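Take this structure, written in structure tokens, and hold onto it; I'll ask about it next.
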Amino acid sequence: MSDVIESGRIKKIGAASGKKAPYELAFLDERRLTEIMDLQTLIVRELDDPELFYPGSIHFIKERIREKGRILGVTSESTLVAYRIISFPGNDNDNLGIDLNVPENELSKVAHLEFFVVHPEYRGNALQFKTLPPAIRFLHNFGYKHLCATASPKNYPGVRNLLKGGFVIKKLKDKYGGKLRYILYQNLAVPINRGIEHTITLTNTDIDGQQKALMQGYVGYKARKMPAGFEIHYGR
């Protein structure tokens, strides 16, 4: 790992009551490639619903380490327990800025927050949210203006953390070969004005209602857990 960005202590499921282990947050290099792929394989194997996660190939991961992004990792006692992938899509066709009508001359300033994975034994430490601020600071410092991410409408923790981190939902459409995804956006140059005059609340399963609201200029800005699923607060 490179220079440590943050350190602290986190809990591990099954550890002695109250006992926490040290962790470090830093960008990963190719020496961690095997651990990155092994952790992804573990997560895929444990999924109840394959719609929740679209894994990256080893080629995709290598590209993000080498030149098309960065990988922000969390290690505890020398073991990789979580990571978040940042992508620089450039003018590739998969640039989410195209979906959101970012001007063509600005597409080189678009970055993606790709998937986040955490080892099951280290869930409950808010690591997904902890990795957001350093990722955003890094991108801002390197001149990126537009930050995009995707999340499944079934993935409450992922949606909630992105919205808490300053994103808004701008679209809901099929991506990754037919998987339904929210496309979320954050302007790194000019913070989005969330001055909202009118709000509506829709459940995560009301796909048609949400798509209609987004076409009418609403953006999703808050998620709230419900007994069955969750709801999104939309405003404009």
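Suppose only helical runs count, i.e. DSSP H with n ≥ 4. What mean residue ellipticity at 222 nm does that imply for the chain under -39500 (n - 2.57) per run, divided by all residues and rounded to the nearest 500 deg cm²/dmol?
Per the formula, -7000 deg cm²/dmol.
Could you do me a favour and compute the accessible area per residue for region 107-156, 1.4 Å probe, result in Å²?
On a per-residue basis, 39 Å².
Over the Cα atoms of the chain, each weighted equally, I'd like the Debye log10 I(q)/I(0) at q = 0.15 Å⁻¹, rounded to two decimals.
Computed log10 I(q)/I(0) values: -1.08.
Give me the extension gain from N93 to H59: residue separation times 0.36 nm, minus the current Cα-Cα distance, reported in nm with one decimal.
Contour length minus the Cα-Cα distance gives 10.5 nm.
Given Cα pairs under 8 Å that are at least 6 residues apart, what percent is the relative contact order of the chain?
14 percent
Then there is this: Go ahead and set up a Gaussian network model of the chain, Cα springs under 10 Å, then flag whichever of T131, T201, T34 fluctuates most.
Sorting by GNM fluctuation, first place goes to T34.
Kindly count the pairs of lysines across region 101-204 whose alpha carbons are less than 22 Å apart, treating pairs on different chains or eight or more residues apart as eligible.
Lysine pairs, 8 or more places apart or on different chains, close enough: 19.
Here's another thing I want to ask about it. How much length, in nm to one decimal, is gained on full extension between E121 and K19, taken as 0.36 nm per residue of separation minus their Cα-Cα distance?
Extra length from E121 to K19 when fully extended: 35.4 nm.
Run the accessible area of region 56-141 with a 1.4 Å probe and give the carbon-and-sulfur part as a rounded percent.
It is 46 percent, rounded to a whole number.
Right, something else. Between I200 and T34, what is the label-to-label distance in nm when each label sits 7 Å out along the Cα-to-Cβ direction?
5.3 nm
Mind ordering 163-172, 102-111 by average Cβ neighbours within 10 Å, highest first?
Per-residue mean Cβ counts within 10 Å order the peptides as 163-172, 102-111.
Sticking with this structure for a sec: Could you give the length gained on full extension between L100 and V190, defined as 0.36 nm per residue of separation minus the Cα-Cα distance, in nm?
Gain on stretching L100 to V190: 30.8 nm.
The values are calculated or read from the model by the stated rules, or taken from the named source; none is laboratory data. It should be emphasised that the depicted structure is a prediction, and the values quoted were computed from it without experimental measurement. Note: ideal-geometry Cβ built from the backbone for every residue, glycine included; neighbour counts use all protein chains shown. Note: areas computed on protein heavy atoms with side chains; ligands, DNA, RNA excluded. Shrake-Rupley method; radii C 1.70, N 1.55, O 1.52, S 1.80 Å.
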